[in-house]
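Taking it in order: structure first as structure tokens, then the write-up.
The values are calculated or read from the model by the stated rules, or taken from the named source; none is laboratory data. Because the structure is a prediction, the values reported are computed rather than measured. Don't worry about glycine lacking a Cβ; one is built from the backbone with ideal geometry, like all the others, and counts go over all protein chains shown. When the accessible area is computed, the model is the full protein with side chains, heavy atoms only, and any ligands, DNA or RNA have been set aside. Shrake-Rupley method; radii C 1.70, N 1.55, O 1.52, S 1.80 Å.
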Amino acid sequence: MTSSELWSRATAERYDAEETEMSSAAVLGPTVAFLAELAGDGRALEFAVGTGRVGVPLRQRGVPVVGVELSEHMAAVLRRKIDEDTLPVVIGDMATTVVPGEFTLVYLLYNTITNLLTQDEQVQCFRNAARHLAPGGRFVIELGVPPLRFLPPGQVAVPFDVSERHLGFDTFDLVDQILVSNHFTRDGEDGHYRRSNSRHRFAWPAELDLMARIAGLELERRVADWDGAPFVQDSAKHISVWRKPS
């Protein structure tokens, strides 16, 4: 088990309700289409499958999907949506868990590579993806670009959401590349806020390319969103595709 933090039962139970925007047709439509095209007629492996936000609709589209998930609580929520025979899930760490067989696609979405809190663990995740890929297969990561340009000298925090029910800001340790995502979420109508936070190791696209090279993968494509917009200097995130040589 690596330093990836384990999601609790309480977090798993409220996860879908708090991620309605990311589960909308506007987001999932292009996401699933992008992944299905890369999977082709082969199998897909989702690292950190969670509650099945992407894995379930991808499977419903006809792509055989297997998931790896560290949190049994997250996997239990997924299991209410789809049975084990249709979408198998292996409980384990995405950096080290080995699933039988080969895959044409391995994917890791929604900034989850940052849940691995050291560079060595992130490199091991790339190696694990390469281990599972058939020749010519692809590894896909969706990841935000660290918003360090918003940090003036002496400031360590960047807000990312200020809304009626949620306040969110990230704090940065620039030496160890650790980001702490802080959330204040209003529960119910009593006005009380629930505080939570999570730690992440941020990485630049160029660093991920070097990790991929160490794992024997080659950058094939990098875009700014699931619709394929060009990745440019001001892009807030990237979807990167690395290919295992044939």
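List the pairs whose first member sits in the stretch 154-167 and is closer than 21 Å to H192 by Cβ, whose second member is in a loop (DSSP other than H, G, I, E, B), and whose Cβ atoms are under 9 Å apart, counting only residues at least 6 apart or on separate chains?
R165/D187
Collect the residues in the stretch 142-156 that are within 30 Å of E46 (Cα to Cα) and assigned to a loop (DSSP other than H, G, I, E, B), keeping them in residue-number order.
Matches in the stretch 142-156: V145, P146, P147.
Of all strands (runs of 3 or more DSSP E) completely enclosed by the stretch 172-246, which ones contain at least 1 residues that are touching a residue at least 24 places away in the same chain (Cβ under 8 Å) and open to solvent by 50 Å² or more (accessible area, probe 1.4 Å)?
193-201, 218-223, 237-243
Working carefully through the options G136, G154, find the one that is at positive phi and open to solvent by 60 Å² or more (accessible area, probe 1.4 Å).
G154
I'd like the full set of residues that are of a type in the set (D, E, K, R) and under 15 Å from A10 (Cα atoms), limited to the stretch 56-87.
E72
Only residues in the stretch 20-41 that are over 21 Å from R222 (Cα atoms) count as the first member; pair them with residues that are of a type in the set (D, E, K, R) and at pLDDT below 95, Cβ under 8 angstrom, at least 6 apart or cross-chain, and list the lot.
Final answer for the pair search is S23/D16.
Test each condition in (1) hydroxyl-bearing (S, T, Y); (2) closer than 17 Å to S71 by Cα; (3) touching a residue at least 40 places away in the same chain (Cβ under 8 Å) for T104 and report the one that comes out false.
Answer for T104: the failing condition is (2).
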